[in-house]
Amino acid sequence: MSAAAGRHRAAWERARARYPASGHLPLPRWATRGYAETPAAAWDALRSDAGRSRGPLSIYVHLPFCATRCPFCDCHATRVPRDGGDIVERYLAVLAHEVVSWASIRGLAERPVTTVHFGGGTPLALGTDAFGGVACALRDALGTHEGTEWALETTSRTLDADALDALDRLGFTRIHVGVQSLDPDQRRLLGRREPPATVIERIRACRERGWVVSADLLYGLPGQTSATLAGDIEQLAGAGIQGVSLYHLNAGPHNAPFVRRHGLDARGEARLAADFSLMAEAAETLRALGFGRNHVTHFALPADENRYARHALRGEDLLALGSSADGVIGDRFYRHVEVDAYAAAPSGVAATDVPPPLEGAGVFTPAERRARPLVTRLMSAEVDRAGLDARSVAFSEGLVADGLLEPVAAGWRLTDAGAWFAGAITAEAWELHATTTR
Ligand code: SF4
């Protein structure tokens, strides 16, 4: 065993003594305790709260459509119908209605927007005209300004020269590319059609426009090695990439056949430990190239602020629009219905008569409000000690003892083991203040 492998093994065993092996990403509050508010009550409350603050906010827009459905993907994504079905048109009509509904809230349109982040799905699968229509509607209705970042998640397949021109005209400044792997065998397995050289060429073309460019890479793929993963990272860095998100290939409801076909559902602990090692070695490669972790899954050079994922660290609300999108306004978290129900919702009626299709909402309890500063910092991988209460500080020091945080000048930083077990750590952090009466 190499020295690095020995180090990763020791970190795994130390953290494993505290948490179950199957690391998972932190869950939003609704996922663990549901909603107290019905959709109608949620909208009334959101309408009364959203315009009260004058502070900046971040916007997330979910466009869940893709040209094809990738076999490994566990996202909320729907294939654009080839049979003339009108789900896309209906979805866009409801989304347009939702933009108007939010913009009709007194004071909301005056709040400065830090980022408008489009995710999915592959938003460009709608075509640049339809996609541009959504971006322009948001620009006209809400408080975007010269400093607003316009960010898009997409695949390299959509990034041809015409799409780049359209994104340039719309003012986009950050592109996050779902690369997943640059290894030809792995790409075949994942159903990715562009040769690695085309992916790199398209990333370079985005960088030449002066945009911040980041990429997703998957780890835990069948047959993947730390050498192939390191090779992918080095090629991306050579193309000028400024951010890399490392995602574990997890089994979920949308990718079950792929996971079964490749025997990934039979993962014993040895396999999880090996996947942890893959991630830790990739993280070391990234750090050696100057990248630092600025979110549970994301590594970045200073140019990549990762604004959407770090909105809570800046104390901003997240105004989320579109199916299954999760938002937070003040102390209230809310979620939309899934794509079919979203597209079936009423549209084209007076904005104040019909609320956006929400699934429900909830309000952070006093204990959760006390836990939020710590949870937010853990999610952002940087736990600044300033302003944390004594219980959060003691909890963080306990994480250091288990190798999940490491000390830095301002407080602590999430280690690779901390990132793997972030879901379990944040679940504990949420409960931390439950017995506090103040
Ligand atoms: S991986 Fe990306 S392109 Fe493929 S189905 Fe999922 S969201 Fe769509």
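Bear in mind that the values in this text are calculations on the coordinates, not laboratory data. Keep in mind that this is a model prediction, so the values were computed, not measured. Positions of Cβ are backbone-derived with ideal geometry, glycine not excepted, and every protein chain shown enters the neighbour counts.
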Query - the chain: Cys lacking any partner C-beta under 4.7 angstrom - result: Cys66, Cys75, Cys136, Cys206
Query raised in the report: When only DSSP loop residues count, what chymotrypsin sites (Phe, Trp or Tyr not before Pro) in the range 245-345 have their Cβ near at most 15 other Cβ atoms within 10 Å?
Result: none
**Report entry** Anisotropy class of the chain from Cα gyration tensor, a/c 1.5 cut
**Finding:** oblate
Report summary line: One finds, for Ala41 and Arg314 with R0 = 30 angstrom and r their Cβ-Cβ distance, a FRET efficiency to the nearest 0.05 of 0.55
Requested in this report: Rank Ser104, Ser48, Val363 by how far each Cα sits towards the positive end of the charge dipole of the chain (+1 on Lys, Arg Cβ; -1 on Asp, Glu Cβ) and give me just the farthest.
Outcome: Val363
Report summary line: What helix-only [θ] at 222 nm does the chain give? Using -39500 (n - 2.57) per DSSP H run of at least 4, over all residues, to the nearest 500, the answer is -12000 deg cm²/dmol
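Estimate the FRET efficiency between Arg106 and Asp389 by the formula 1/(1 + (r/R0)^6), using the beta-carbon distance for r and 35 Å for R0, to the nearest 0.05. Could the numbers behind the result be given before it?
Working: r = 35 Å, r/R0 = 0.99.
Using R0 = 35 Å, I get an efficiency of 0.50.
Quote to one decimal, in nm, the extra length available between Glu194 and Ala270 on full extension: 0.36 nm per residue of separation minus the C-alpha distance between them. All intermediate terms of the calculation are to be shown ahead of the outcome.
Details: separation 76, 0.36 × 76 = 27.36 nm, distance 3.30 nm.
That works out to 24.1 nm of additional length.
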Query raised in the report: Roughly how big is the chain's charge dipole about its Cα centre, with Cβ charges of +1 (Lys, Arg) and -1 (Asp, Glu), in debye to the nearest 20?
Result: 720
Query raised in the report: Of Ala161, Phe172, Ala427, which is farthest along the charge dipole of the chain in the positive direction, counting Lys and Arg as +1 and Asp and Glu as -1 at C-beta?
Result: Ala427
Query raised in the report: By count of other Cβ within 10 Å, fewest leading, how are Leu182, Leu189, Leu289 ordered?
Result: Leu289, Leu189, Leu182
Report summary line: At the level of C-alpha centres, the distance separating the range 400-438 and the range 19-49, in angstrom, is 21
Report task. Note down the magnitude of the dipole of the range 329-438 about its Cα centre, charges +1 on Lys and Arg C-beta and -1 on Asp and Glu C-beta and zero elsewhere, to the nearest 20 debye. Result -> 420
Query raised in the report: So for the pair Asp129, Arg52, with labels modelled 7 Å out along Cα→Cβ, what separation do we get in nm?
Result: 4.4
